[in-house]
1. Is the C-alpha gyration tensor of the stretch A:2-247 telling us rounded, prolate or oblate? Criteria: a/c under 1.5 is rounded; beyond that, a/b larger than b/c is prolate, otherwise oblate.
2. Describe numerically, in nm with one decimal, the distance between label points set 7 Å from Cα along Cα→Cβ at A:Thr215 and at B:Arg53.
3. Hey, what did the stretch A:149-211 get for relative contact order, percent, Cα under 8 Å, at least 6 apart?
4. A:Ala367 to A:Thr26: FRET efficiency via 1/(1 + (r/R0)^6), r the Cβ-Cβ distance, R0 30 Å, to the nearest 0.05?
5. Near the amide H of A:Met11, under 5 Å away, which other amide H atoms are found, from residues 5 or more places off or on another chain, if H is placed in the peptide plane?
6. Evaluate the distance, in nm, between pseudo-label points positioned 7 Å from the Cα of A:Leu251 and of B:Asp27 along their respective Cα→Cβ axes.
7. Quick one: order B:Glu63, B:Glu72 by neighbouring beta-carbon count within 10 Å, fewest to most.
8. Choose one of A:Thr363, A:Leu287, A:Ala312: the residue whose Cα lies farthest towards the positive end of the charge dipole of the stretch A:262-406 (beta-carbon charges +1 Lys, Arg; -1 Asp, Glu; about the Cα centre).
Amino acid sequence: MSGADPVVTGMGVLAPTGLGRDEHWTNTLDGASAIGPVTRFDADRYPSRLAGEVPRFVPEEHLSSRLLPQTDHMTRMALVASDWALADAGVDPAALPEYGVGVVTAASAGGFEFGHRELENLWGRGPEYVSAYQSFAWFYAVNTGQISIRHGLRGPAGVLVTEQAGGLDALGQARRDLRRGQRMVLAGAVDGSPCPWGWVAQLSTARMSRRTDPTRAYRPFDPEADGYVPGEGGALLVLEREDAARARGALDDGRWYGRITGYASTFDPPPDSGRRANLLRAARAALDDAGLRPGDISVVFADAAGTRAEDAVEAEALRSLFGPYGVPVTAPKTMTGRLSSGGPALDVATALLALRDGVIPPTVNVARPLPDHTLDLVTSPRRGPLSTALILARGHGGFNSALVVAGPGGPPSDPTQP
Amino acid sequence: MTQLTTDRLLAILHECAGEGDPLEPTDQPEELDFAVLGYDSLALLETLSRLKREFGIDTEEDEFAAVRTPAELTTLVNRLLARSPSA
């Protein structure tokens, strides 16, 4: 199936762990957690006060003054990620056919910080003080639209809104577009709503950690796990049909990252139904889609929800699929917090870098994973040949998605497979 | 009574919608279409909202529909100011 699998030829990363791919990857391998007190607004009076914020992002350094009045913080980061992804892929969109490049992003809340400010204007000063740009700056699809306009990408465009799972669902949708004949899609998610409105929306789920020690607040699979820390950022990837990438020479220099070889999504039954969660089915279906067996997977990037109940569901899914301690599992998002839809997209970028360099990045702050989980949790960088990674993501409200990536060398070959 | 000048209008446009597109040295921006300057309908909407607040003019947006250039907009705003009861 490799000919039908999109290749990843570029990535743009803005994460709490770093501005740009290399800084993010270096800090991730160092286990340098970026979780700290919230600085983008005064969180002192909220029960949760820690976040993973993207450091040293100065939008004026990257974007024209025309874009600043009309963009939310997360849109500004997404636009910069799109610049970096295209540059990394060596793509000049103007040189491609007008309708040749699509854009698919995911979002969880839209431009909430922008919307928060304009709602404050509305109730504090009156409707005439609300920015005309509020008409679209808050919107879920705004990143896709702004990226499309910025680079003149007029191929199929879309947005997926499935909370965290959206980061994988956007890549899955891009893969469908490529299989329908599209040559290139810029896809992924950069997300985050670091404002009181976004904060209380997440607090309402009762899944955010209330701890104030950054080293103890977000510890998935730990006996003391009691919630997650939110964050901002994410990654955008340039996905191409392999023949199109080959034709433009993008696969000649060995700088491309790998392939997306499997993807699946499922939805959970109602919480009161007594039926089981469907994360396992998503993971299994993604492996089937990739034509792989569990033993072919080199590493799992866990969803790592950070609540005991959700951790138990994921651990059980991994045990069912791989057996106890059956596969290395990691959650580098312990360094960034959960970035809404941006998190799983960042995990895919990180997984591709792990495959490239043959090293599994660590899970931090989890000294002793709960033995009941029977997970081989990677807590310091682990070197070795890696061919394939499974990335899992769950979105609040019942979304489960799983995605399989393989490095440029491809998954282990097995002639007996269909 | 405060009057709007084209320089002030161009500054407001800049504050509301960012810098316009690059111009030729010989261009007089106040005489160019907003579209040529690079300001779209939302940029104008945002600017009109600001003018209403700053100059206290109260009018229907229809009156602005025919306005094409900063000079025309400046003229319209000043005409509205002249006829407003508070002026």
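Read the figures in this text as sums done on the coordinates, not as results from a lab. Everything quoted here is computed from the prediction, not taken from an experiment. Every residue, glycine among them, receives a Cβ derived from its backbone with ideal geometry; neighbour counts consider all protein chains shown.
1. Since a/c reaches 1.5 but b/c is at least a/b, the shape of the stretch A:2-247 is classed as oblate.
2. 4.7 nm
3. About 23 percent, as a whole number.
4. 0.80
5. Under 5 Å from the amide H of A:Met11 lie the amide H atoms of A:Asp88, A:Ala89, A:Val238, each far enough along the sequence or on another chain.
6. Roughly 4.5 nm, to one decimal.
7. Going from least to most buried by this count: B:Glu63, B:Glu72.
8. Checking the options against the dipole of the stretch A:262-406, the answer is A:Thr363.
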